[in-house]
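S.K.: Shown below is the structure under consideration.
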Amino acid sequence: MSKTRESVVDDAAHWYARIHAPNCTGRDREEFETWLRSSPDHWRAYADAERTVRRFDQLLESDAPLRAHADEACGEPQVTARRRWTVPAALAASLIVALVVVRVASVGEDSQKSDVFATRLDEQRDVTLADSSVVHLDVGSEIAVNITDTSREIALTRGRALFDVAKDRARPFTVTAGNTRTTALGTKFQIQNNSERVVVVLTEGSVSVTQANEGAPWEERLAPGEQLSLEGRRTLPIKRSVDSYMATSWSRGRLVFRGTPLAEALEEVNRYSTRKVRLADSSLASLPVGGNFIAGDSELILSAFVAALPLRSVEGGGGEILLFRRYEPAPP
């Protein structure tokens, strides 16, 4: 492993431990987001760390000697790999990483190889899989695909994807994202995954979403037009009805808003623009916005928002645009 690659892997291990530590702060999460977005290599290394933990969890359940080694490294009995990574001592974390690398390397590596598909921050892409399923990748997204004679396993490591699944009852189509696992036989659904939240939206058919890694087991079945979201450290997801046409409008090159809170709309707008728009007044976050826009035409969208809402835009530092509340002068 090159020195640069080794350094990135070490950083990813550090951030995984920090983000999952019980004393993780909001500032920690902000710094993590900055690190994550600064390089595609960081995304990949962090995704590798997540996959390693999942595989280590599986090994611990069936390998008593490995469990004993992990307990010795951490200084106390452990239940899952995820908890092990939260040990605050850097030495213990390093020992666990070493154990994982050595052990996992010897366990069916050939059967675990995946095809990776990714998009840049200014690129969308349609990927046709070996089973004829089609994946619409949004900007800044990545999936790892492992299709065999008995299974279809996908990992959405970052970003957003719309899955149009080919019917095959003998091989369930499963997508892992964060701490969620979505299973379908033949359907159409969307998943968004970032460090803070996983969101699943069903447009056609039926899917089952379950807990993937840690916490109390749960399972939710979605009907078309329903959304499931799992945020931060929540142990249980939230399910609600949504406009699936609006939620998937990005896949058609549009951004459709219908009574959408301004903060959520700006999150979508910023996804397709290098120049970000921020709210300087948090009271503006819930203002409802509407419209049907071309994704990426940020200047036009911002102009429409400012014209329709009590907003004024101000040039901010670093090329950002700040939105403040616009107060109308009192009548004479």
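S.K.: What is segment 117-263 by shape, rounded, prolate or oblate, if you read a ≥ b ≥ c off the alpha carbon gyration tensor as root eigenvalues and call it rounded for a/c under 1.5, prolate for a/b larger than b/c, and oblate otherwise?
M.R.: rounded
S.K.: Could I ask something else about it? Whenever you get a sec, compute what percent of the accessible area on segment 174-293 sits on carbon and sulfur atoms (1.4 Å probe).
M.R.: Here it works out to 48 percent.
S.K.: Okay, moving on. Report the extension gain between V314 and S151 in nm, rounded to one decimal, defined as 0.36 nm multiplied by the number of residues separating them, less their alpha carbon distance.
M.R.: Length gained between V314 and S151: 53.5 nm.
S.K.: Which far-off residues, 5 or more places away or on another chain, put their amide H under 5 Å from the one on W218, with H placed in the peptide plane?
M.R.: Amide H neighbours of W218: Q211.
S.K.: Once you have the Cα-Cα distance between R325 and R37, take 0.36 nm times their residue separation minus that, and quote the gain in nm to one decimal.
M.R.: Taking 0.36 nm per residue and subtracting the Cα distance, the gain is 100.7 nm.
S.K.: Another one. Alpha carbon centre of segment 161-204 versus segment 11-32: separation in Å?
M.R.: First find each Cα centre; the distance between them is then 27 Å.
S.K.: Order of 220-229, 170-179 by packing, highest average Cβ count within 10 Å first?
M.R.: 170-179, 220-229
S.K.: If you don't mind, there's one more thing I want to ask. So for the pair S241, A130, with labels modelled 7 Å out along Cα→Cβ, what separation do we get in nm?
M.R.: 4.2
S.K.: A170 to E231: FRET efficiency via 1/(1 + (r/R0)^6), r the Cβ-Cβ distance, R0 25 Å, to the nearest 0.05?
M.R.: 0.10
S.K.: Quick one: Karplus J couplings for segment 12-17, per residue in order, coefficients 6.51, -1.76, 1.60, θ = phi - 60°, nearest Hz, x for Gly and Pro?
M.R.: 4, 4, 4, 5, 4, 4
S.K.: Could I ask something else about it? Taking the solvent-accessible surface of protein heavy atoms with a 1.4 Å probe, what is the per residue accessible area of segment 242-327 in Å²?
M.R.: About 51 Å² of surface per residue is accessible.
S.K.: Determine ³J(HN,Hα), in whole Hz, for all residues of segment 171-188 in sequence, where each value follows from phi through the Karplus function 6.51 cos²θ - 1.76 cosθ + 1.60 and θ = phi - 60°; x replaces Gly and Pro.
M.R.: Taking θ as phi minus 60°, the curve returns 9, x, 9, 10, 10, 9, 8, x, 9, 10, 9, 9, 10, 9, 9, x, 6, 9 Hz for segment 171-188.
S.K.: If you don't mind, there's one more thing I want to ask. Quote to one decimal, in nm, the extra length available between S282 and N194 on full extension: 0.36 nm per residue of separation minus the C-alpha distance between them.
M.R.: Answer, rounded to one decimal: 29.5 nm.
S.K.: Would you please put 300-306, 125-131 in order of how densely packed they are, using the mean number of other Cβ atoms within 10 angstrom per residue and starting with the highest?
M.R.: Descending packing order for the listed peptides: 300-306, 125-131.
The values are calculated or read from the model by the stated rules, or taken from the named source; none is laboratory data. Please read these numbers as outputs of a predicted model, since none were measured by experiment. When we count neighbours, we look across all protein chains shown, and the Cβ atoms used for this are built from the backbone with ideal geometry, even at glycine. Heads up: the accessible areas ignore ligands, DNA and RNA and are worked out on the full protein's heavy atoms, side chains in. Shrake-Rupley method; radii C 1.70, N 1.55, O 1.52, S 1.80 Å.
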